[in-house]
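I have placed the structure first, in the form of structure tokens, so that the comments after it can refer back to it.
The values are calculated or read from the model by the stated rules, or taken from the named source; none is laboratory data. Given the structure is predicted, the values throughout are model-derived calculations rather than measurements. Every residue, glycine among them, receives a Cβ derived from its backbone with ideal geometry; neighbour counts consider all protein chains shown. Side chains are part of the model used for accessible areas, which takes the heavy atoms of the whole protein and leaves out ligands, DNA and RNA. Shrake-Rupley method; radii C 1.70, N 1.55, O 1.52, S 1.80 Å.
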Amino acid sequence: MDYLPVFLNLRERRLLVVGAGNVAARKADLLVRAGGALTVVAPGASDAMQALLKRCDGRLIAREFEARDLDGMSLVLAATDDEAVNRAVYAAATERGIPVNVADVPELCSFILPAIVDRSPVVVAVSTGGRSPVLARHVKALLERALPAGLGRFAAILGAVRKTVQQRLDGVTERRRFWDSVIDGPIGRRALAGEAGIEAAIESALSAWETTRGVETGMVALVGAGPGDPELMTLLGQRLLKRADVVLYDRLIPERLLDLCRREAELVYVGKQALSHVVPQEEIGAMLVRYARAGARVVRLKGGDPFIFGRGGEELEALIDAGVDFQVVPGISAANGCAAYAGIPLTHRDHAIGVSFWTGHMKDGVLDLPWTRMATTGHTHVIFMGLKSLPEVARLLMQHGAAPEVPAAMVSAGTTSAQRVVSGTLATLPDLAAAAKLPSPALLIVGDVVGLRERVGWFEPATQLDEFPFPVHSL
């Protein structure tokens, strides 16, 4: 982090702007909107700056900058066309310990001005550390579209009733849970839609909450994190993750997803991989029960989808036996996500009328699957955890009637910037994958649809994730 994001209280503080062109006027307008007392030093002023000074009753000193202009100032901006003047302002301000910003010169800034989304009193600041102001404006535009117009009014209402909630609910945890229920629940949706009567609705919810005070009602959410790319996690999953008191997460969960958790949340690693279980499955179920019975809101965060080779059913059975409330948030399965990012449609009217999911995990060195049924044509087979068992899968499929030339592909680290795809046939893929030294996790796809990859493939992580905010396919 190059800069610490800080929101300064500038109300009635004396603020200096050196320069009076249009750029200086735009920056000075931010200081005025923050309530500062504006002084401008410049030989002349643009129409925009003159209009701003008139509106805010600011002061113009019509001459060149002098160091004494910094006397009594709390913050200074420099936006002139003269590099020497800008450097003089920076040097003088730095010597006095006054925060200073020189427009478009990051090395002459002790603070920077971010792109701002203003839903006052909600304010969102976006910064690239001075590296790409254009990108910051693009991110701002995304946020402008995403944040409802009623957000500021809702924040003002919450601020008005905050003291009442503090007086009537004891403890930080209880108050936080109440606010979460208001903001994430029906009241929040009504408020953001601009409906009236929100204050009365909050009062009613507060009274109802008081009647159940002291009753700890923990619950568990089984949340699918998706196949790898953090942006493929559902919005509901992200919201539950942000509210969780405890998060039990697997080996393949991206760190960027864990960054969504509250700083106070307890993060518990229970990752598993082939032949190595950090925490036994039975203990994971017991942990979920213990945390929930203690009143915690628990998220069990699992890669892919919890119900597709994720042992989600086993963990739910433990919760049901213990009488613990739960919910399930599906995730994009590795089968769907990795196939899509590899450019392999799992079904296609001309190539596959169905798709089946199988596990490639061998038990005691044996892979027991219905090979004769799998060897039929016109069907796609997706084998999870199939990297180590690939030679055996290919051999048994061909032994039971599959043609050696059936297309097959192995997708490693699908949907991420490390994605690699090796494609061939049942006869050639084992050697190709071994030569490529693909790492786990990897997904095996067998069927004629793999042959569409050359035409349908669109995702090239080596170029797209480095250059663009979103992966795209160019025709």
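Applying the condition of being touching a Ser or Thr at 6+ places or on another chain (Cβ under 6 Å) and of a type in the set (Gly, Ala, Ser) to region 351-397 and asking which residue is modelled with the lowest pLDDT yields Gly360. Could you tell me which residue of region 31-47 is farthest from the chain's Cα centre (by Cα), considering only residues that are outside any loop (DSSP other than H, G, I, E, B) and crowded, with 17+ Cβ neighbours inside 10 Å? So the residue we want is Val41.
Can you confirm whether region 52-66 contains a residue that is assigned to a strand (DSSP E or B), open to solvent by 40 Å² or more (accessible area, probe 1.4 Å) and of a type outside the set (Phe, Trp, Tyr)? Within region 52-66, one or more residues are assigned to a strand (DSSP E or B), open to solvent by 40 Å² or more (accessible area, probe 1.4 Å) and of a type outside the set (Phe, Trp, Tyr).
Selection of region 128-167 for residues being part of a helix (DSSP H, G or I) and among the β-branched types (Val, Ile, Thr) yields Val134, Val139, Ile157, Val161, Thr164, Val165.
Scanning region 220-229 for residues that are assigned to a helix (DSSP H, G or I), within 23 Å of Ala334 (Cα to Cα) and at pLDDT below 95 turns up nothing.
Scanning for something over 27 Å from Pro230 (Cα atoms), in contact with a strand residue (DSSP E or B) (Cβ under 7 Å, 6 or more places away or on another chain) and buried (at least 21 other Cβ atoms within 10 Å of the Cβ), does region 429-452 turn up at least one residue? Spell out how you get there, then give the answer.
Here is the first cut: in region 429-452, the ones over 27 Å from Pro230 (Cα atoms) are 429-432, 434-435, 447-448, 451.
Now drop any that are not in contact with a strand residue (DSSP E or B) (Cβ under 7 Å, 6 or more places away or on another chain), which leaves 429, 432, 447-448, 451.
Among the residues that remain, those that are also buried (at least 21 other Cβ atoms within 10 Å of the Cβ) are: 429, 447.
There is at least one residue in region 429-452 that is over 27 Å from Pro230 (Cα atoms), in contact with a strand residue (DSSP E or B) (Cβ under 7 Å, 6 or more places away or on another chain) and buried (at least 21 other Cβ atoms within 10 Å of the Cβ).
Checked against the criterion of being open to solvent by 50 Å² or more (accessible area, probe 1.4 Å) and closer than 30 Å to Gly310 by Cα, the candidates Leu235, Leu222 yield just one match: Leu235. If you scan region 275-317, which residues turn out to be open to solvent by 20 Å² or more (accessible area, probe 1.4 Å), small (Gly, Ala, Ser), within 18 Å of Met385 (Cα to Cα) and part of a loop (DSSP other than H, G, I, E, B)? If the condition is that a residue be open to solvent by 20 Å² or more (accessible area, probe 1.4 Å), small (Gly, Ala, Ser), within 18 Å of Met385 (Cα to Cα) and part of a loop (DSSP other than H, G, I, E, B), then Gly303 is the only one that fits. For Val172, indicate whether it is surrounded by 15 or more Cβ atoms within 10 Å (Cβ to Cβ) and either more than 22 Å from the chain's Cα centre (by Cα) or at pLDDT 95 or above (or both). No: the conditions fail for Val172. Screening Ala28, Ala88 for residues that are hydrophobic (A, V, I, L, M, F, W, C), assigned to a helix (DSSP H, G or I), in contact (Cβ under 8 Å) with a residue 40 or more places away in the chain and open to solvent by less than 50 Å² (accessible area, probe 1.4 Å) leaves exactly one candidate, Ala28. On the basis of being open to solvent by 60 Å² or more (accessible area, probe 1.4 Å) and out of contact with any Pro (no Cβ under 6 Å at 6 or more places or on another chain), does Ala193 make the cut? Judged against the criteria, Ala193 is a match. When region 238-249 is filtered for residues that are more than 27 Å from Ser412 (Cα to Cα) and open to solvent by less than 50 Å² (accessible area, probe 1.4 Å), the ones remaining, listed by number, are Leu240, Ala244, Asp245, Val246. Say whether the condition of being modelled with pLDDT of 95 or more, open to solvent by less than 60 Å² (accessible area, probe 1.4 Å) and more than 40 Å from the chain's Cα centre (by Cα) is met by at least one residue in region 77-85. The answer is yes; a qualifying residue exists.
Restricting the first member to region 250-264 and to residues that are modelled with pLDDT under 90 and exposed (fewer than 14 other Cβ atoms within 10 Å of the Cβ), and the second to residues that are in a helix (DSSP H, G or I) and not polar (S, T, N, Q), the beta-carbon pairs closer than 7 Å and six or more apart or on different chains are Arg256/Pro230; Arg262/Lys242. Somewhere in region 206-219, is a residue surrounded by fewer than 16 Cβ atoms within 10 Å (Cβ to Cβ), under 30 Å from Ser412 (Cβ atoms) and either touching a strand residue (DSSP E or B) at 6+ places or on another chain (Cβ under 6 Å) or among the small types (Gly, Ala, Ser) (or both)? The answer is no; no qualifying residue exists. Scanning region 93-124 for residues that are surrounded by fewer than 20 Cβ atoms within 10 Å (Cβ to Cβ), of a type outside the set (S, T, N, Q) and in a helix (DSSP H, G or I) yields Glu95, Arg96, Pro106, Glu107, Leu108. For region 318-330, the tally of residues that are within 15 Å of Pro306 (Cβ to Cβ), open to solvent by less than 70 Å² (accessible area, probe 1.4 Å) and either part of a helix (DSSP H, G or I) or without any contact (Cβ under 8 Å) to a residue 12 or more places away in the chain (or both) stands at 2.
Scan region 5-16 and tell me whether some residue there is part of a helix (DSSP H, G or I) and either acidic (Asp, Glu) or open to solvent by 60 Å² or more (accessible area, probe 1.4 Å) (or both). Explain how you work it out, then say what you get.
Applying the first criterion (part of a helix (DSSP H, G or I)) to region 5-16 yields none.
No; the residues of region 5-16 include none that is part of a helix (DSSP H, G or I) and either acidic (Asp, Glu) or open to solvent by 60 Å² or more (accessible area, probe 1.4 Å) (or both).
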